[in-house]
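See structure below.
The values are calculated or read from the model by the stated rules, or taken from the named source; none is laboratory data. If you're wondering where the values come from, they're calculated on a predicted model, not measured in any experiment. Every residue, glycine among them, receives a Cβ derived from its backbone with ideal geometry; neighbour counts consider all protein chains shown. Surface accessibility is based on the protein's heavy atoms, side chains included, excluding ligands, DNA and RNA. Shrake-Rupley method; radii C 1.70, N 1.55, O 1.52, S 1.80 Å.
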Amino acid sequence: KAGVTQTPRYLIKTRGQQVTLSCSPISGHRSVSWYQQTPGQGLQFLFEYFSETQRNKGNFPGRFSGRQFSNSRSEMNVSTLELGDSALYLCASTVGQGAYEQYFGPGTRLTVT
Amino acid sequence: GESVGLHLPTLSVQEGDNSIINCAYSNSASDYFIWYKQESGKGPQFIIDIRSNMDKRQGQRVTVLLNKTVKHLSLQIAATQPGDSAVYFCAVLVSGTYKYIFGTGTRLKVLA
């Protein structure tokens, strides 16, 4: 069974721009979560989607948003990029209903200049 | 809110020795825990999980111990190998949600 995939793997953007990252969960997994990983803050939860609905949300500004499609694939968007948004963005998937094993993708490395 | 802490940012062990990585959590209602291994340039890799109705769970060369009384979790790696060198995170599921809180990670260095 294929694992969680994320595209692109690397991205360089300029302050003020916006970016969209994509995640395809493991087949059969309906829950997708997004995390931001930085050396200073570690792994921080952004949001979680299940059946196209946001179920859980972390403490990030509204510039961070996401969505999930009917095939469980998910995208996250960051608008008006800031230098501090430079991070590894990780997507993870779980079955989503009563099953909590969470598996991560390789991440998208975003650099904001 | 929930918080998770790790006792050591770095742990160095001799190849062949056993490693113990610790984690403490704050919410006694937490009922599911995962240990992850993250190698440089990769996403976290699921190692082993444990539910709050268990005290111990064993995998291949790894054992997770859960002490709910003191809200402490540990990962034991037997016969540590160079390939075990990585950063290890514990993740605690926030009760009633699908949101995980992560510890800050312990970097395991295996000395030849």
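Summary table
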quantity: Of all accessible heavy-atom area on chain B, the percent that carbon and sulfur account for (1.4 Å); calculated: 46 percent
quantity: Shape of the range A:1-108, Cα gyration tensor, a/c cut at 1.5; calculated: prolate
quantity: Longest exposed-site-free window of chain B, the sites being trypsin sites (Lys or Arg not before Pro) in a DSSP loop that have at most 15 other C-beta atoms within 10 Å; calculated: B:69-112
quantity: Most mobile of B:Thr63, B:Thr97, B:Thr80 in a GNM of chain B (Cα contacts under 10 Å); calculated: B:Thr97
quantity: Greater than 27 Å apart at Cα, pairs in A:Lys1/B:Lys99; B:Lys71/B:Lys99; A:Lys13/B:Lys37; A:Lys1/B:Lys42; calculated: A:Lys13/B:Lys37
quantity: Accessible surface buried once B binds A (1.4 Å probe; total of both sides; Å²); calculated: 1700 Å²
quantity: Translational diffusion of chain B, µm² s⁻¹ [Kirkwood Rh, Cα pairs; Stokes-Einstein; 25 °C; 0.890 mPa s]; calculated: 175 µm²/s
quantity: Residues of chain B: accessible area per residue with a 1.4 Å probe, Å²; calculated: 48 Å²
quantity: Inter-site label distance for A:Asn71 and B:Lys56 at 7 Å from Cα along Cβ, in nm; calculated: 4.7 nm
quantity: Choice from B:Ser40, B:Ser95, B:Ser74 with maximal GNM fluctuation in chain B (Cα, 10 Å cutoff); calculated: B:Ser40
quantity: Length-normalised contact order for chain B - Cα pairs under 8 Å, 6+ apart - percent; calculated: 37 percent
quantity: Relative contact order computed over chain A (Cα-Cα under 8 Å; 6+ residues apart), in percent; calculated: 36 percent
